[in-house]
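A short write-up of the structure that comes next.
The values are calculated or read from the model by the stated rules, or taken from the named source; none is laboratory data. For clarity, every value in this text was computed on a predicted model and none was experimentally measured. Neighbour counts are summed over all protein chains in view; Cβ atoms, including those assigned to glycine, are modelled from backbone coordinates with ideal geometry.
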Amino acid sequence: MKQFGLRLILSVLIVSLELAVAPLQPREQQDLDPAQGGEDHVGQPIPPYMTGDECLFCHRDIGKSWPTNPHQLTLRPALPDDPSSTLLSQLSGGDELLEQADFLMGGQRVARALKRSAKYGRLELSLARAFPADASSNEPQQSAKDSLDPVWHASHFADRCAGCHCTAVDAQNRAFSSVGLDCYVCHGVVDLNHTKDTRQVLLSTKNQPAKQVAAICGQCHLRGGHSKSSSLPYPNTFVPGDNLFRDFQVDLSEQNIQSMVPIEWHIFENVRDIVVLGREQVTCLSCHQVHGNDVFRHREV
Amino acid sequence: MWIPKWQRDKERGVDSPVPTQAVSNEEFIPRQQNAKQKEWEQLIGELADEKSKKLGMQRRDFMRSSMGMATAFLASNMIYGPNWEVDAAETLEPAATEDKFPKGEYFIVDVQTHFTDGVAIGFRNATFIRNMDFDLKDDADAYSFTNFVKEIFFDSETSIAVISGVPGRETNKNLAGKVLEGRDRRGGILPSWLMSQRKEELNEMAGGTRAFCQGNCAPNHYWNRQENAPDFPQLFEQMEREVKKYGIDSWKWYCHTDPGRSGDGFRMDDEKMAYPFFEKSKELGLNVFSVHKGFSAQSRTLGHYAHPGDIEKAAKDHPDLTFIVYHSALKHGPGEPQFRRDGFFDPTTGDFEWHAELMKIKERNPEMSNVYPEIGSSFGLLAIAHPVMCQHLIGKNVKYFGADHVVWGTDCLWWGSPQWVIDAMKRFQISDELCEKFGYAKLTKEDKAKIFGLNAAKIYGFDVNERLKAIPRDSLSDLKSAYLHRGGQPDNAAQGWVRGTA
């Protein structure tokens with residue numbers, strides 16, 4: 001714990017120093033175009049990739065902690081002891097809803113239930129929503145029974161959520177190939193030989209090109225963006241290593257950033273610094289250790 | 001402050017060949033060493049001091065010998081009760097061990113052995129391996145087929161090995177429709193084509209059967225996304241290839257993995273997915289299904305498919321098939337945080353998660369004779385981390401399934417040469433107290449002989465007597481003799497757990 005604390009303090013100091021020095025540096029003559037350079041897989045089939053269960057056969061240390069990682073919980077089995085189950089069960093018709101549900105989504109701001117579709121790579125989303133008591137939402141609690149028709153929506157999840165709650169969504173038919181976020185989402189197509197050269201695993205070290213890191217994290221954390229080609233609110237066949245911004249449109253303007261809530265502001269500003277201002281000293285990985293469940297630690301701090 | 005166990009041991013002058021406390025994987029706070037663990041550790045030190053002085057040896061050298069290992073087991077028995085068969089004489093005289101456990105006493109068939117296709121995967125550097133003071137190499141060579149031959153056949157008493165599959169599937173054709181061969185088919189760290197190739201090489205080299213191999217193909221490996229159902233033509237094509245071309249001897253299923261990106265795992269009792277596979281396999285003449293059950297944390301979202309509950313219907317509906325339940329469905333290994341959670345193990349019943357479900361299946365169906373619990377990793381890990389649970393594992397397996405249905409496996413070379421697990425089984429015994437309280441039977445040498453190899457021989461259908469005659473005269477035995485004659489030793493020989501004369 002001491003080591004972690006020390007690392008955290010050092011990281012904060014380094015980032016603070018870099019942020020403090022940054023305004024002193026001469027501003028680039030011209031903003032960079034995020035869409036320039038790199039490649040993309042827009043419209044192409046999802047490439048073959050190693051699935052997480054194959055990865056976890058070897059990476060057993062990750063398997064131990066991953067079940068509680070927030071990235072793993074973006075979509076999770078609808079278990080009775082999940083806090084979202086408790087929330088949803090309090091709705092009118094909630095118990096009936098949960099009986100049919102296979103998965104849960106959300107929880108901090110709003111809890112939703114989903115069930116498997118007969119179609120490949122699709123889930124049906126319940127339009128019933130339950131809000132935690134301390135959620136800062138003005139929306140009313142919604143009944144699972146009375147107000148919704150249909151209770152289970154066939155395409156809502158695919159149209160709006162799948163890209164960031166599932167893995168490798170085919171933009172043509174909006175079918176995902178894996179429930180939840182698989183290793184591929186961040187680490188990309190990994191060859192077996194990565195054991196000899198771990199640089200083949202994207203995000204495996206902090207020394208990744210900053211724009212690549214921003215793209216990988218940004219594919220989901222840049223909320224409000226949309227794909228130029230598919231108009232979906234998530235990227236079109238983004239393969240880690242691609243230039244996200246060739247197809248994914250995000251408003252990185254100062255005006256937009258200033259209007260955001262702090263968490264969004266933090267993300268957008270850092271991405272903007274990298275892809276528009278060309279400041280590559282600080283990336284998401286400078287502070288965030290995804291496998292280390294540092295979101296929880298952040299909250300503790 | 002957290003310190004590594006080896007560092008603590010060094011500072012305290014502890015050099016036990018067995019870990020005397022639970023070891024943290026750094027994802028949870030290690031528990032304080034409890035009073036019994038302290039007592040055990042202290043006793044090992046005292047006994048080692050006394051005996052090494054008596055023999056005029058350095059204590060460290062003493063602990064590296066078979067006498068050191070016997071001392072650790074003896075001390076364990078003095079603290080925890082009689083978990084291990086060990087005599088005081090063994091702590092002073094290596095020959096006593098040789099007399100008690102002569103080499104070749106058991107015919108050993110290991111149904112769970114692995115190597116990789118040239119990649120290092122980190123298992124041999126696992127915490128529990130380090131804490132046994134093993135110093136195993138963990139590079140690509142260490143996981144290679146060459147080292148497999150050395151560690152399984154030369155460094156241990158194993159006579160026959162089943163090369164066992166891991167999650168992964170082969171790609172049949174390239175985008176142009178051309179059928180792929182060999183490495184172009186990919187298939188993960190130990191693909192079916194490679195297991196088959198190495199089995200042939202081994203048997204050719206030996207001049208007789210020394211290896212069997214498994215095939216990784218499973219019902220969700222080839223998927224028709226339009227119909228959201230198995231792509232049976234592709235699946236059956238691969239099955240035929242694995243049986244006819246590769247000559248596999250068993251399937252190896254991981255129901256909780258999805259290398260074909262079907263979107264889900266599968267149940268063995270799924271009549272639409274698994275049953276057509278069973279029927280096709282029968283048609284191909286292959287009736288052995290080895291299924292990973294337990295160790296559920298090896299899946300990101302599909303761990304529940306590693307539950308053994310689906311075996312009951314599958315086995316009852318298919319009495320002509322044989323099902324080997326790998327790991328005896330131990331849900332979590334001692335290295336996983338869940339292992340230590342309340343309720344995982346109930347000392348009042350001796351039940352632990354998922355293994356208990358497997359036992360209940362047999363209890364409900366006493367006539368069911370085609371299910372065999374296998375003990376790879378479960379036995380070895382529990383033997384060093386939780387001897388009492390280990391006794392319940394074997395005690396219940398034998399009580400419910402019978403000694404003629406428990407199958408030997410080790411998961412090696414993930415954990416180095418299997419000799420240390422073999423040694424532990426030779427010394428293993430169930431205490432009088434547990435026998436009385438839970439109705440277990442003491443394990444006889446006959447029981448151990450069945451577990452070590454005779455049961456697997458029945459499953460894989462070979463003549464043990466013929467093999468017993470042929471193996472000592474085959475080329476692999478000649479090579480082993482030459483290797484030992486030249487002073488060949490297992491990597492972990494010097495650390496005390498494994499005798500160097502294996």
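Here are a few things to note about the model shown:
- Restricting the stretch A:97-122 to residues that are part of a strand (DSSP E or B), within 14 Å of chain B (Cβ to nearest Cβ) and among the hydrophobic types (A, V, I, L, M, F, W, C), the residue that is nearest to A:HIS71 (Cα to Cα) is A:MET105.
- Qualifying residue in the stretch A:195-216 (condition: at pLDDT 95 or above and within 18 Å of A:GLY52 (Cα to Cα)): yes
- Of residues in the stretch A:70-90 being in a loop (DSSP other than H, G, I, E, B) and out of contact with any helix residue (DSSP H, G or I) (no Cβ under 7 Å at 6 or more places or on another chain), the one farthest from the other protein chains (Cβ to nearest Cβ): A:GLN90
- Residue within the stretch B:444-463 that is surrounded by 12 or more Cβ atoms within 10 Å (Cβ to Cβ), touching a Pro at 6+ places or on another chain (Cβ under 7 Å) and either in the same structural domain as B:ALA403 (by TED's automatic domain parsing) or assigned to a helix (DSSP H, G or I) (or both) present: no
- Residues in the stretch A:172-199 that are assigned to a helix (DSSP H, G or I), closer than 20 Å to B:PRO259 by Cα and either away from every other protein chain (no Cβ under 12 Å) or among the basic types (Lys, Arg) (or both): A:CYS186, A:HIS187.
- Scanning the stretch B:239-261 for residues that are hydroxyl-bearing (Ser, Thr, Tyr) and within 14 Å of chain A (Cβ to nearest Cβ), we see that the one that is farthest from the chain's Cα centre (by Cα) is B:THR257.
- Of all residues in the stretch B:190-233, those being of a type in the set (S, T, N, Q) and either on the phi > 0 side of the Ramachandran plot or not assigned by TED's automatic domain parsing to the domain that holds B:PHE145 (or both) number 1.
- Annotation: of all residues in the stretch B:282-304 being within 10 Å of chain A (Cβ to nearest Cβ) and either of a type in the set (Val, Ile, Thr) or assigned to a helix (DSSP H, G or I) (or both), the one that is farthest from B:ASN455 (Cα to Cα) is B:THR301.
- Of the candidates B:LYS396, B:LYS437, the single residue that is assigned to a helix (DSSP H, G or I) and surrounded by 18 or more Cβ atoms within 10 Å (Cβ to Cβ) is B:LYS396.
- Identity of the residue in the stretch A:59-69, touching a residue at least 40 places away in the same chain (Cβ under 8 Å) and facing chain B (nearest Cβ under 8 Å), that ends up nearest to the chain's Cα centre (by Cα): A:TRP66
- Exclusive hit being over 20 Å from the mean Cα position of the chain (by Cα) and either touching a residue at least 60 places away in the same chain (Cβ under 8 Å) or away from chain A (no Cβ under 14 Å) (or both), set B:PRO373, B:PRO319: B:PRO319
- The residues of the stretch B:153-186 that are over 22 Å from B:ASP258 (Cβ atoms) and not in a loop (DSSP other than H, G, I, E, B), listed by number, are B:PHE153, B:PHE154, B:THR158, B:SER159, B:ILE160, B:ALA161, B:VAL162, B:ILE163, B:VAL179, B:GLY182, B:ARG183, B:ASP184.
- Flag for B:THR113 being surrounded by 23 or more Cβ atoms within 10 Å (Cβ to Cβ), away from chain A (no Cβ under 14 Å) and touching a residue at least 40 places away in the same chain (Cβ under 8 Å): yes
- When the stretch B:122-157 is filtered for residues that are farther than 17 Å from B:ARG198 by Cβ, facing chain A (nearest Cβ under 10 Å) and within 18 Å of the chain's Cα centre (by Cα), the ones remaining, listed by number, are B:GLY122, B:PHE123, B:ALA126, B:THR127.
- The stretch B:277-319 - residue that is over 18 Å from B:HIS355 (Cα atoms) and of a type in the set (D, E, K, R) and, of those, surrounded by the most Cβ atoms within 10 Å (Cβ to Cβ): B:ARG300
- So B:ALA126, is it hydrophobic (A, V, I, L, M, F, W, C) and modelled with pLDDT under 90: yes
- Condition check for B:GLU242: charged (D, E, K, R) and in a helix (DSSP H, G or I): yes
- Taken over the stretch A:224-263, residues that are among the acidic types (Asp, Glu) and within 22 Å of A:ALA175 (Cα to Cα) amount to 2.
- Unmet criterion (only one of (1) of a type outside the set (Val, Ile, Thr); (2) over 21 Å from B:ASP110 (Cα atoms); (3) within 14 Å of another protein chain (Cβ to nearest Cβ)) for B:PHE277: (3)
- Residue match in the stretch B:312-322 (condition: of a type in the set (Ser, Thr, Tyr) and not in a helix (DSSP H, G or I)): yes
- Top-ranked residue of the stretch B:187-238 - restricted to ones that are hydrophobic (A, V, I, L, M, F, W, C), over 29 Å from the mean Cα position of the chain (by Cα) and not in a helix (DSSP H, G or I), ranked as farthest from A:ALA118 (Cα to Cα): B:TRP223
- Comparison of A:GLY38, A:GLY43 shows that the only residue that is more than 8 Å from chain B (Cβ to nearest Cβ), surrounded by 15 or more Cβ atoms within 10 Å (Cβ to Cβ) and at pLDDT 90 or above is A:GLY38.
- Among (1) closer than 19 Å to B:PHE134 by Cα; (2) without any contact (Cβ under 8 Å) to a residue 40 or more places away in the chain; (3) surrounded by 16 or more Cβ atoms within 10 Å (Cβ to Cβ) - the single one B:ALA72 does not satisfy: (2)
- Listed conditions (1) within 14 Å of chain B (Cβ to nearest Cβ); (2) crowded, with 23+ Cβ neighbours inside 10 Å; (3) of a type outside the set (A, V, I, L, M, F, W, C) are all met by A:GLY163, apart from (1).
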